[in-house]
Every structure is written in C-alpha cells, then in structure tokens.
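Below is one structure, written out as structure tokens, with a few remarks after it.
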Amino acid sequence: MASGSVANQEGKVMLLGFWCSPFVKRVEWALKFKGVEYDYVEEDLTNKSTLLLTSNPIHKKVPVLIHNGNPIVESLVIIEYIDETWKQNPILPQDPYERAMARFWANFIEQKVTEPARDALLSQGEQQEKKVKEIKEAMEVVEGEAKAKLNDKTIFFGGENGVGYVDIVLGWTCNWMETVEEVGGFKVLDPESQPQFHKWMANFREVPFIKPTLGPKEKLVEYFRMVRQACLGLVANK
Amino acid sequence: MAEEGVKLFGTWASPFSRRIEVALKLKGVEYEYIEENLTNKSPALLNYNPVHKQIPVLVHNGKPVAESFVIMEYIDETWKHNPILPADPYERAMARFWAKYIDEKFWPAAKKVLVTKGEEQKGVIDEIQQQMKNLEGELKEKKFFGGESFGFLDIAANIIIWLVVAQEALGMEILNEEKLPILHGWLQRLLNDAVFKECVPPKERHLDFFKVKFGSSIASK
C-alpha cells in the first residue's frame, strides 16, 4: 500500500459524504488515486450529524475530510490538501505555470459549468434558459481546451501523468450531467459539436478506480427529481 | 523570442489587482504595471485573458496567468522567498478556505450593500457583520491571519479595506472598533505595514470614487 495510508489513530482519514454528491465523489477519486485508506461516513442531509455541524459550522455541507482530527472542507480545497499531504501519484502538475493553468481551468469549470448546472436543475422557464445558455457557451470553451490539449496519446488533461486535477474536477459531468439534463428537461451535451469532450468522457468513465464509483443513473435521476420538485415547490409557494 | 520579465494588467481601484501588487512587492519582484481602462480594454488584455477578459492578469516571460488567487499561488511557487502561504498543508487549506469565503460570500455582500436601501440594506449589513465575526474567529489573537507577518489570507481580505472606505464615503456604519474589535485591530496593523500600505488606492480618490458611483443610491438613515 502507498505510504501515508496508516491504520493508527494519528493518520486516520475520515470522509463525511453523501452518496449522490459529485463534490464528495471528487474527493473520493482523489483519495483512491493516491491509494489513501479512509473511513467513509454517509450523512443524512435531512438530519445532519453533530460531527458534520461542528466540522463545517460555516457551510454545514459535505464533503468534509477529517485528517488527524482536523476538518477540511470545500472539494477543491480538500483535493489540494490531499495532493500536498500524500505525495505519491501527484494530482496537480509540478511546474508552477502548469499548476496555475490547472487551477484556472478548475475555477472555470466550477463557475461556468458546475454552478450553472446546479442552478438549471433547480429552476425553470426563463431563469433556467439563461443558465442553460451559460452552460452551452462554457462547453464550447471546454471543447476548445479538449481539442487543444488532448489527442490519441494524451487522453486526459493531466497529460503524460494520466488523470489530473482538471479531469477530477470536470469528472462529475460523466455521470451527473445526463442526470441533470433528464431531470431539468434540457440538453447541453452534444456529441456532434463536442467530439473531443465526449471522447474524454468515454475515457474517464473507463479509468479503473473511477468506473466502479459511477453509480446507476436511475437512482440519481430519482433523487434529483425529488430535489428539483421540492425546490420548485418552495418557490411556487412563496 | 519569448518576452522576458513580469507585467501586471490591473486597475487602480480593483482589490483583486491590488492583491497582486502586494504579492509582487512582498517578493521584491520588479514588474511593469499597465493600467487598464475597463470600458476600453486593450488588445493585449483581451489577448492574454480571452476567456474572462478581466484584470488582473500577470504575464511572466510572455505567459499569462489570470484569477487573483491563481496568480498569488503562482507567484508564491515561482519566487520562493518571503512565502505567502504557510508551509503546513492544513494551514494552507485553512487559508484557501477563508480566501474562497471572502470572494464567494463577503465580496457579493459588500457589493450588494452599496446598492440596497432601508430594510434590505440592513439585512445585508447584518450578513456582512456576521461574516466578519466568522473571520475574527479565524484571526483570534494573531497579529495577522498569516501569523507574525501577513500572508495569503490577509492579502485576500484586502476587500475589507474597500468596505471601510465605502462606509466612510457613504455614511454607513458596518465595521467599527466597538462591533468588531479584533478585525479593527488587524486592519490598523495591515494599513501600517510598509508593503501593504503602498498597495491600496489613494484615500481621497477612492472616497470620491464611491461617492460618485454609489452616493445617490444610499438612503439616509
């Protein structure tokens, strides 16, 4: 086993998560990529544990990584922490400029794809249309990056090291985007205008430590449908 | 032949742009500063940041880096003396967490307080004061968020200076010694720091900026 994944109390790693959260999944991918052993605790988000509330008092959200008794929150912050704490299988590149590029693209994905996708899932009508337009524009940029960076030899944004930071941050689209589309009733994925991105998705889904984590779509659709209805119901009743 | 040296594209009143100035000055890195007119962006800026078309952009040996925290981390990793981020991964995670908090929660609220009135504004002020109390919880008894000297989170928290100037310009009461003594003390130390004080907008010009832009939208209490 890789060094750093010790079983004693001092090195103990715990992840507070929720089964269908893409943010939690990212952190699991980072831990699995490094071969770090961890205890996974499934949270009931309708009845949050004391541990969750005391570990993340500001946001009260998952994922929370607890290492040596110290809580770290926010998926991107957690992933950088994991990369800096366990040095095997680097997630971010070594070169400062390449690292800056990886961080830039991770931020872009979060602001222009991930957040609007969540907003589109939880909205309708004009508001949803606006978000869908934003996502489509962002996907053009993502396709452009994929065209520029990927080829038959380099199939991931992590380059010659294989899967990297940008792949892990973008990875949620491989499973959740279709779910969000189906539940929200819109389309942003298009194999014809996004051929490189679709190639990347196909490759990412096949990565041995990723594949088993991409759960059955039906369960996700069922859960997100419930969340959407609850959210829109709240809005309608205001 | 690749361009040598360091360039910073920024604007005088942007806290994001000023963050980069602090980082570069702290490291003693010489740079060429280009003041952008955001209503008429230069071809160079559009070329260096085609995705967002925003400042700040740092260009190092011809290669552009955008987004203030990304630039700050790049600077810290490229020029290793006078570190901005702490060495310990957990401390680094805390600095990054609170920096994100400032940009994602505090900054939108600070912008909102300038364009709201009456009860709605009061609600936003309460929100900002709670956010600043949360920051005080992170600062505790330290001289700076970074410890004995200022670091990543202190630089990220520079937006608080903008809020303080805005409140003076517009007659609002948000951050004062009585309500937020720990943060107030921190602010005085920051503004007295030799490097930091060079990297804030000139006070009079900054006050005028807020009065002109937002003066008419603030209702009298």
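Read-outs throughout are calculated quantities, based only on the coordinates presented, and are distinct from any laboratory measurement. A quick note: this is a predicted structure, and the numbers were derived from the prediction, not measured.
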Going by the alpha-carbon gyration tensor, a ≥ b ≥ c the square roots of its eigenvalues, is the protein assembly as shown rounded (a/c under 1.5) or, if a/c is not under 1.5, prolate (a/b greater than b/c) versus oblate?
-> rounded
What per residue convex hull volume, in Å³, comes out for the stretch A:90-199 when only alpha-carbon positions are used?
-> 91
Just how many % of Cα pairs in the stretch B:93-221 lie over 22 Å apart, if you round to the nearest whole percent?
-> 35
With a/c under 1.5 counting as rounded, go ahead and sort the stretch A:160-238 into rounded, prolate or oblate using the C-alpha gyration tensor (a ≥ b ≥ c being the square roots of the eigenvalues; past the cut-off, prolate if a/b is larger than b/c, else oblate).
-> prolate
May I have the convex hull volume per residue, in Å³, for the Cα set of the stretch A:45-95?
-> 88
The stretch B:23-110 shape via C-alpha gyration tensor axes, a/c threshold 1.5 | oblate
Just round it to a whole percent: the fraction of Cα-Cα distances in the stretch A:62-142 exceeding 22 Å.
-> 44
Give the long-range amide H neighbours of residue B:34: residues separated by 5 or more places, or on another chain, with amide H under 5 Å away, using H modelled in the peptide plane at 1.01 Å from N.
-> B:8, B:9, B:10
The stretch A:183-238 and the stretch B:1-80 have their Cα centres apart by a whole-number Å value of 37
Which of A:32/A:61; A:136/A:199; A:32/A:133; A:133/A:211 have a Cα-Cα distance over 24 Å?
-> A:32/A:133; A:133/A:211
Across 5 Å bins from the origin, how do the percents of Cα pairs in chain A run, short distances first?
-> 1, 6, 13, 17, 19, 18, 13, 8, 4, 1, 0
Rounded to two decimals, what is Rg over Rh for chain B when you use alpha-carbon atoms and the Kirkwood radius?
-> 0.97
Using θ = phi - 60° and the Karplus curve 6.51 cos²θ - 1.76 cosθ + 1.60, what whole-Hz ³J(HN,Hα) does each residue of the stretch A:210-219 get, with Gly and Pro shown as x?
-> 8, 3, x, 8, 8, x, x, 4, 4, 5
Kirkwood Rh, the stretch A:116-167, all Cα pairs: how many Å?
-> 12.6
Say we join alpha carbon atoms closer than 10 Å with springs in a Gaussian network model of chain B; which of B:145, B:97, B:16 then has the biggest fluctuation?
-> B:97
Relative contact order, percent, the stretch A:1-152 [alpha-carbon distance under 8 Å, six or more residues apart] = 19
So which residue, out of B:15, B:86, B:201, gets the largest mean-square fluctuation from a GNM of chain B using Cα contacts under 10 Å as springs?
-> B:86
Cα-based convex hull, the stretch B:76-163, per residue volume (Å³, whole number) = 99
